[in-house]
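The values are calculated or read from the model by the stated rules, or taken from the named source; none is laboratory data. Small disclaimer: the values here were computed from a predicted structure and weren't measured. We place every Cβ from the backbone using ideal geometry, glycine too, and count neighbours over all the protein chains shown. What goes into the accessible areas is simple: the full protein's heavy atoms, side chains included, and nothing from ligands, DNA or RNA. Shrake-Rupley method; radii C 1.70, N 1.55, O 1.52, S 1.80 Å.
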Amino acid sequence: METRKLHFLFTLSIVSLLLLGSAALAVASGDFLNENAAFSANANYRSSADSEAKIKNIIILVPDGCSQSVQTLARWYSGESLQLDEMMVGTVSTYSADSVITDSSSAATAFATGYKTTNGFISIGPSNDSVLSTLETPSEELQYSPLATVLEGSKLEGKSTGLVATTRVTHATPAAFASHVDDRDNENEIMEQMIYEDIDVVFGGGSSYLVPVAEGGKRTDGENLTEVLLERGYQYVDSRDEMLDLSSGKTWGLFSSSHMASSINRPFLAPSQPPLPEMTEKAIELLSQDRDGFFLMVEGSQIDGATHANDPIYAVTEFLAFDEAVKVAVDFAEEDGHTLVLVFPDHNTGGMTIGSYSDAEYDSTSVEDVIEPLKGMKLNSIGVATKIGKDLSPENIKAQLKTWWGIEATDDDVTEILELYHNGEGLSLDYAISEVISRNHTVIGWTTHGHCADDVPLWAYGSDSPKGHMDNTEIAEYVAKKLGFDLNETNECLFIETGEVFSRDDGDRQLDENEYSLDMTDPLNPVLKIGDAELPVSKNLLIKDGVTHELNGIVIYASETDKIYIPDEVLSLV
C-alpha cells in the first residue's frame, strides 16, 4: 500500500510540474491564439441576453466553402425563406497562420482548437517556415505539437461525440476535430486516429480508408479498421435503410468508398445513400440518449465542391440540403431547451455573385433571369461529365447538356469547354462545363476556382449565443466555455511530450523504466516503448505485462520534430 501511495505522489508531482510547463507553453505560444480568441470582455463579439438554461449540448454545422451569395441564390431558387434566414448573428474571419486565404484544414483547426495553424495542417501547431507578417513566429514548443479539440474536450467531460459529413470523413473539416497530422492528405493516418478517438457516432463516406490495399481498400499499413470497429463494440452500417433502423449504441456509418453522392445526383446515381438531414437527425437521436450531453459537428461538405467547380445548381441544392439539416438541429434544440446550435462556413470558395461581367443589363435582372437556367438542371456538373464519358464529340457534349441541364449549348460553348479541358491537362471536365455555362448562360458570376479571404456569416440558435464579429479561433474558446472545460487544460491532459518526463534510450538496447524509444521496425506502424510498456502510435492503447489498457487519448508522433505526445494517464500506468 505504501509503495502504491508513493507512486501516486510521484505521478502527481510529475503532472504538477508538467502543468506548470504547459502553462508557460500556453503563454509562449499565445500569439497564435488570435488576440481576441479567449472568451473575454475584450472579444469582438458579445453574447445575447443571459439565460437560466444551462447548455448541455452543442451542435456545430459547417457549410464548407459557402458565402452569403449562395444563401441568397438558394432562397431565390426555392422561392421560400430558409431556416438560416432567421439565425444571422454576425461574421467570422478566416485567415490562417501562413496565408490571408485559408484552406479547410487550417480553418477547421482554428474553430476546433482555438489556434491558427499552417495551411494543410490538421490540429497541430503551425510551422515557422511561413508566417503572416501580423503574427509572431511560433515558439519551438508549439510547432507541430498536437492541439486538443473541442470534441476531445467534450469527450473528457463525459459527453457523447459525433461527426457527420458528406465527403470522406477523413476530409479536412471532420478530421480536424479528431486527428492530429501535418498533412491533410494523409488520410490513412487520419482514419486510424479517428477510430481510436472513440467517437460515438460517425456518418459519411470514405470506407476505402478502413480496408487494406490487399482487400480492395487504400490502407497501406495492412490493418483492417472495420474489424477494429467491430472489436471495439461499434455497429457498422453502409446503407440508408440500415442507418434508419438504428435505435441506440455507438455507430460508424460509411455509405461510400470515397465521397458520398451529391444531393442532386443521389436519386440517379446512389439512391441507397442517406441525405444529410437524415444523417443529422439520426446522429442527434443516438447522441441525445447520453444524459451528460453531447457535441456534434455536421458538415455540408460538398457546397465547397460545388463552388470550387463554379457550379450554381450543385451549390444551391447542397445548400438547401444543408439548410434542412440546420432545421433538424434547431427543431431538436427548441424542444430540448439545453442545446446551442452554431453555424458558420470555414471559408468562402469561388467568389460567387448574382451578377457578372456577361450581365450587361444588370439593373433589369428578373427573378426568371436568375433561376430559369437552373430549373432544367437534373444533375450537377460531375454528373453531366459522367454522362458525357469519353465521347468528347461536340454532338455528344451538346446532347448531354440538353438532356441533363436543359441548355442549348452552341458550337462556341463546346469549343470553350474543350479548350479549358485541354485533353485532360487543363481544368477537369466538370469545372470546364460549369465555368463556360455559368458565364454564357446564367447571370451568376465567379472570381476563382479556389478559396477567398472574405469574412463569412455566423448563424446561431440558443441561449446566450454569440453576436457580432468573431475570429474563427474564438469559436473553439466559446464552445469550450459553454460546455464547461478549458482547452489549455485539455491540452495538458492529452498531450504530454514524452521527453519532458522520460529519458531517451541511452543505446544499451535495454530500456530502463524511465527510458523510452520509438520502434520503427514497421515504419507504417511505429510503437513507442516506455520501459516494458508499448504504446502504438495513433492509437489509444498501452500494453504492459500482457494487459491492454485503453487510454483517454491517442499517442501522437510529430515526425518533423521527432517528438512523441502521450496522455497524462500513461504516467500512472507506467
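For the range 234-254 versus the range 288-319, the spacing of their alpha-carbon centroids is 19 Å. Between helix 187-196 and the chain there is an angle of about 60 degrees, using the helix long axis and the longest principal axis of the Cα atoms. Remark on residue 161: its backbone amide H falls under 5 Å from those of 200, 201, 295, a criterion applied only to residues 5 or more positions apart or on other chains, H modelled at 1.01 Å from N. Evaluating 6.51 cos²θ - 1.76 cosθ + 1.60 at θ = phi - 60° for every residue in the range 329-341, the Karplus couplings come out as 5, 5, 4, 5, 4, 4, 6, 6, x, 10, 10, 9, 10 Hz, glycine and proline recorded as x.
On a per residue basis, the chain carries 40 Å² of accessible surface, using protein heavy atoms and a 1.4 Å probe. Over all Cα atoms in the range 404-469, the spread is summed up by Rg and Dmax: 18.4, 57 Å. Ignoring ligands, DNA and RNA, please state the percent of accessible area on the range 349-389 from carbon and sulfur, probe 1.4 Å. C and S fraction of accessible area: 52 percent.
Just want to confirm a number: the relative contact order over the chain, from Cα pairs under 8 angstrom separated by 6+ residues, in percent.
Relative CO of the chain lands at 22 percent.
Each residue of the range 413-429 is assigned a 3J(HN,Hα), and the resulting list reads 4, 5, 4, 4, 4, 5, 5, 5, 5, 6, 6, x, 9, x, 5, 5, 4 Hz, derived from the Karplus form 6.51 cos²θ - 1.76 cosθ + 1.60 (θ = phi - 60°), x at Gly and Pro.
Over the C-alpha atoms of the chain, the Rg to Rh ratio, Rh being the Kirkwood estimate, stands at 0.99. Treating r as the C-beta distance of residue 54 and residue 246 and R0 as 45 Å, the FRET efficiency rounds to 0.95. The C-alpha atoms of the chain define a longest principal axis, and helix 104-113 lies at about 50 degrees to it. Distance between the modelled labels on residue 393 and residue 508, one decimal in nanometres: 8.0 nm (7 Å Cα→Cβ projection).
Computed packing ranks the peptides 113-120, 182-189, 211-218 as 113-120, 182-189, 211-218, most packed first, by mean other Cβ atoms within 10 Å.
The range 97-116 and the range 181-223 have Cα centres lying 22 Å from one another. Here the range 456-569 exposes an accessible surface that is 41 percent carbon and sulfur, computed with a 1.4 Å probe and the other protein chains kept in place. The helix-only estimate of mean residue ellipticity at 222 nm for the chain, built from DSSP H runs of length n ≥ 4 each weighted as -39500 (n - 2.57), is -11000 deg cm²/dmol after division by the residue total.
Quick one: go through the range 126-167 and flag any residue whose amide nitrogen is under 16 Å from the point 7 Å out along the Cα-to-Cβ line of residue 100. Residues 131-135 fall inside that zone. Packing-based ranking of 76-88, 122-134, 169-181 yields 169-181, 122-134, 76-88, ordered from highest to lowest mean Cβ neighbour count within 10 Å. Here r is the Cβ-Cβ distance between residue 372 and residue 545 and R0 is 45 Å; the resulting FRET efficiency, rounded to 0.05, is 0.05. Using a cutoff of 8 angstrom between alpha carbon atoms and counting only pairs six or more residues apart, the relative contact order for the range 164-267 works out to 30 percent. A straight chain from residue 500 to residue 454 at 0.36 nm per residue would run longer than the Cα-Cα distance by 12.4 nm. State whether the range 340-400 is rounded, prolate or oblate according to the following rule on the C-alpha gyration tensor (a ≥ b ≥ c being the square roots of its eigenvalues): a/c under 1.5 gives rounded; otherwise a/b larger than b/c gives prolate, and the remaining case gives oblate. Oblate is the answer for the range 340-400, as a/c is 1.5 or above yet b/c matches or exceeds a/b.
Legend: calculated FRET efficiency, residue 411 to residue 231, from the Cβ-Cβ distance at R0 = 51 Å, rounded to 0.05, equals 0.30. The simple spin-label model puts a point 7 Å past each Cα toward its Cβ; for residue 269 and residue 562 those points are separated by 4.7 nm. A cut-off of 5 Å between modelled amide H atoms, ignoring neighbours fewer than 5 places along the same chain, links residue 265 with 380. Once the Cα-Cα distance is subtracted from the 0.36 nm per residue extended length, the residue 358 to residue 134 segment shows a gain of 76.8 nm.
Centre-to-centre, using Cα atoms only, the range 523-574 and the range 433-477 are separated by 40 Å. With 0.36 nm allotted per residue and the present C-alpha distance subtracted, the residue 403-residue 481 stretch has 22.8 nm of extension available.
Here the label points at residue 515 and residue 552, each 7 Å from Cα along the C-beta direction, are separated by 3.1 nm in the simple model. Ranking 547, 491, 433 by Cα position along the charge dipole of the range 402-547, where only Lys, Arg, Asp and Glu carry charges on their C-beta atoms, puts 433 farthest toward the positive end.
Taking amide H as placed 1.01 Å from N in the peptide plane, residue 92 has its amide H under 5 Å from the amide H of 456, 458, 470, each at least 5 places away in sequence or on another chain.
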